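Engineer: Below is a structure I'd like to ask you about.
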Amino acid sequence: MHKPSLQSILIGLIPFVAMCFTVVLWDQVHPFVLGLPFNIFWIILWILITPIIMSFAYRSERARIDAQDSGMKGGA
Amino acid sequence: MDNSLIALSVIFGIVLVSSIVGMYAGGRYKMNLEQWTVAGRGFGLILVWLLMAGEIYTTFAFLGASGWAYSRGGPTLYIMAYLTLAYVFSFYFLPQIWEVGKKFGMQTQSDFFHKRYNSKNLAAVASLIGVIFIIPYLQLQLTGLGIIVEVASFGAISRVTAMLVAFGLVAAFVFVSGVRAVAWISVIKDFLMLFAAFFIGIGLPYMYYGGIGEMFTALVNAKPTHLTMPGATKVMGHSWYISTVLLTSFGFYMWPHLFSATFTAKNNNTLRKNAVIMPLYTITMPLIFFVGFTAILVVPGLANGDMALLTIVRQSYSPWFLGVIGAAGALTAMVPAAILILAAAALFAKNFYRPMISPGMTDDQVARLAKVLVVVITLVALYFAIYSATTLVNLLLLGYAGVTQFLPGVLFGLYWKRVTKPGVFTGLVTGISVVAYLVLTKQDPFFGINAGFFALCVNFIVTVAVSLMTKAEVNPFNDNPAEEAKGSA
């Protein structure tokens, strides 16, 4: 079984911080951005950013797993 | 032709065509137990994506989310956050579950508990808890279907009759073809849902306010506190938001049907790619919210917020278009319902009935029993849908509070070699008991925190404590004991 690396876990923490833990900072109506109340704009923005961030986690995992599977044991 | 007849004919026509397509697609494969439940592990990226999307975008997203936007306001934002974060979280354990699933031939969530903890009793308890908490989720779909037909018939058909007809169809459809049919019907449903979301999510704010920005401006002027937390509620503030987002994003793949959908993937890389692209599917959710927010000032005073979306659509468009939206809604109830029924039936037959009551059964007999259970489970959910009334989102949150209690057993099962069977068992039972107590005594939220999340924390602590107090067990998932003994990754 391939366990996830610390690096990829840290990448995954970014969307959690932005969309969940920091709610106090962005849960407000003003300023409106693109016609949207700020909190709704912020959430939509992060829906769009998250796949980009996760593609970095994907690349980091793929590279590591390919290296492991091609016989470089213990390289993790 | 009168309005209700037009709307209902369009709904029925679209649902019927979709069902025929689904059954045709499923009918081309010979069905055995594995084929029926996990489609022979043959799905690629696109089909897994559609299957998972089909399960996720339920009538809860369609009617429940707009309903909460209408009646609760700000706290509804949790839905967009948790859906996105659930996929992020899945990146770190679904591929691993697929790996052990393939190695040990798992078909259900309880199989995971059975193989990891080498205990059919623990698996049986897990399957029973899974089935129990699937019921409110299924009840949610039934209630949603009832609302759709009730509104589309302009009140002519009662909700109960509507539920009976629609669920007869779902049960028949599950009976004949299993998971493959559901995946194909999902394709139609997803296109309809996307179309509906874009059309009414943008169209309605323009129709009544001249734009989305104008709609929000009007809403903020009329109700300045509705859009931030706690919105129209007293108890759903920021601590509720954080604990609910964590509970639901962690618990998302603990649903037995979503967990077992993992096994339909061709390889674990499919699941990693999925985790990366799935958050984009959440992008339809804001549009559904816009409809709920628009409805606040256009159709004020509805007693049941869940009816907001359809009521404003009925008031704004011609009856055939209400039919199209109604059909999208009906499919978003029926597809997930089919999957829920399938998962619950397979779980109960394979992980409870056979090991506990009739160990001599063959796979074919289990498959036959599962089909009988399809009818039984549907009837139980129908009973609750008819005889209890609560909002769609509350039903979902109750289900989440329950199924998320599987998390310690799953995560520790994968990543902590010291976890033991008694630890997981005690933690799970404690977690479920805390949920049951807090929900039944109406203490949710508990000191501003989601009761399910509080129970999950207790569950984690108990699991760790009891595991450390009990004797270490052999970890069957460990494929390289020598390496683990040295403590390396």
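The values are calculated or read from the model by the stated rules, or taken from the named source; none is laboratory data. Note that the coordinates shown come from a computational prediction; the quantities given were computed from them, not determined experimentally. Here the Cβ positions follow ideal geometry from the backbone for every residue, glycine too, while neighbour counts run over all protein chains shown. We work out accessible area using only protein heavy atoms, side chains counted, and drop any ligands, DNA or RNA first. Shrake-Rupley method; radii C 1.70, N 1.55, O 1.52, S 1.80 Å.
Engineer: I'd like the accessible area for B:F12: 1.4 Å probe, protein heavy atoms, all chains in place, Å² to the nearest 10.
Structural biologist: B:F12 exposes around 110 Å² with every protein chain in place.
Engineer: Turning to a different aspect of this structure: When Lys and Arg each count +1 and Asp and Glu each count -1, what net charge do the other residues less than 14 Å away from B:L204, Cβ to Cβ, add up to?
Structural biologist: Residues close to B:L204 contribute a combined charge of 0.
Engineer: Taking a ≥ b ≥ c as the square roots of the eigenvalues of the Cα gyration tensor of segment B:374-449, is the shape rounded (a/c under 1.5), prolate (a/b larger than b/c) or oblate?
Structural biologist: Since a/c reaches 1.5 but b/c is at least a/b, the shape of segment B:374-449 is classed as oblate.
Engineer: Please list, or write none, the lysines whose alpha carbon is within less than 24 Å of the alpha carbon of B:K417, excluding same-chain residues fewer than 8 places away.
Structural biologist: A:K3, A:K73, B:K102, B:K103, B:K115, B:K120, B:K471, B:K486
Engineer: Using only DSSP helix segments of four residues or longer, with each worth -39500 (n - 2.57), what per-residue ellipticity at 222 nm results for chain A after dividing by its residue count and rounding to 500? List each step's numbers first, then the result.
Structural biologist: Details: 3 runs with 47 residues, N = 76.
That calculation yields -20500 deg cm²/dmol at 222 nm.
Engineer: Using heavy-atom solvent-accessible surface (probe 1.4 Å) with all chains present, what is the largest-first order of A:L36, B:L128? Mind dumping the intermediate values first?
Structural biologist: Values: A:L36 20, B:L128 65 Å².
The residues order as B:L128, A:L36, largest area first.
Engineer: For the protein assembly as shown, what is the accessible area per residue in Å², given a 1.4 Å probe and the full set of protein chains?
Structural biologist: On the way: 20520 Å² over 565 residues.
Computed with neighbouring chains in place, this is 36 Å² per residue.
Engineer: In Å², rounded to the nearest 100, what is the total accessible surface buried by chains A and B against each other with a 1.4 Å probe? Working shown, then result.
Structural biologist: Working: alone 5720 and 18520 Å², together 20520 Å².
That pair hides around 3700 Å² of surface in total.
Engineer: While we're on this one: Reachable lysines from B:K223, Cα under 30 Å, same-chain residues fewer than 8 places away excluded?
Structural biologist: B:K234, B:K442
Engineer: Another question about this same structure. Arrange the residues A:D69, B:D444, A:D27 by how much accessible surface each exposes, largest first, with a 1.4 angstrom probe.
Structural biologist: On the way: A:D69 105, B:D444 75, A:D27 15 Å².
In descending accessible area the options line up as A:D69, B:D444, A:D27.
Engineer: What is the extension gain from B:A436 to B:A172, computed as 0.36 nm multiplied by their sequence separation minus the C-alpha to C-alpha distance, in nm to one decimal?
Structural biologist: Working: separation 264, 0.36 × 264 = 95.04 nm, distance 3.33 nm.
Taking 0.36 nm per residue and subtracting the Cα distance, the gain is 91.7 nm.
Engineer: Run the helix sum for chain B: -39,500 (n - 2.57) per DSSP H stretch of 4+ residues, divided by residue count, reported at 222 nm to the nearest 500 deg cm²/dmol. List each step's numbers first, then the result.
Structural biologist: Working: 23 runs with 349 residues, N = 489.
Dividing the helical sum by the residues of chain B leaves -23500 deg cm²/dmol.
Engineer: Percent of accessible area on chain B owned by carbon and sulfur, 1.4 Å probe? Write down the numbers at each step before the final one.
Structural biologist: Details: 11240 of 16690 Å².
The value for chain B is 67 percent carbon and sulfur by accessible area.
Engineer: Modelling each spin label as a point 7 Å along the Cα-to-Cβ direction, I'd like the B:K266/B:V165 distance in nm, to one decimal.
Structural biologist: Reported label-point gap for B:K266 and B:V165 is 4.1 nm.
Engineer: Quick check: from the Cα gyration tensor, does segment B:189-297 come out rounded (a/c under 1.5), prolate or oblate? Walk me through the numbers before you get to the answer.
Structural biologist: Details: a/c = 3.29, a/b = 1.54, b/c = 2.14.
It is oblate, given that a/c is not under 1.5 and a/b is not larger than b/c.
Engineer: Quick one: net charge of B:T143's neighbours, Cβ under 13 Å, K/R +1, D/E -1?
Structural biologist: Working: positive: B:R159; negative: B:E150, B:D306.
Charge balance near B:T143 sits at -1.
Engineer: Next question. Could you put B:Y437, B:Y353 in order of accessible surface area, largest first, with the 1.4 Å probe and the full protein assembly present? Provide the component values of the computation, followed by the final result.
Structural biologist: On the way: B:Y437 135, B:Y353 75 Å².
These residues rank, largest area first, as B:Y437, B:Y353.
Engineer: Ignoring everything but the protein chains, give the 1.4 Å probe accessible area of B:V165 in square angstrom, nearest 10.
Structural biologist: Accessible surface of B:V165 is approximately 90 Å².
Engineer: Excluding A:R59 itself, calculate the net charge of residues whose Cβ lies under 14 Å from the Cβ of A:R59, where each Lys or Arg counts +1 and each Asp or Glu counts -1.
Structural biologist: Working: positive: A:R62, A:R64, B:R272, B:K273; negative: A:E61, A:D66.
So the surrounding residues net to +2.
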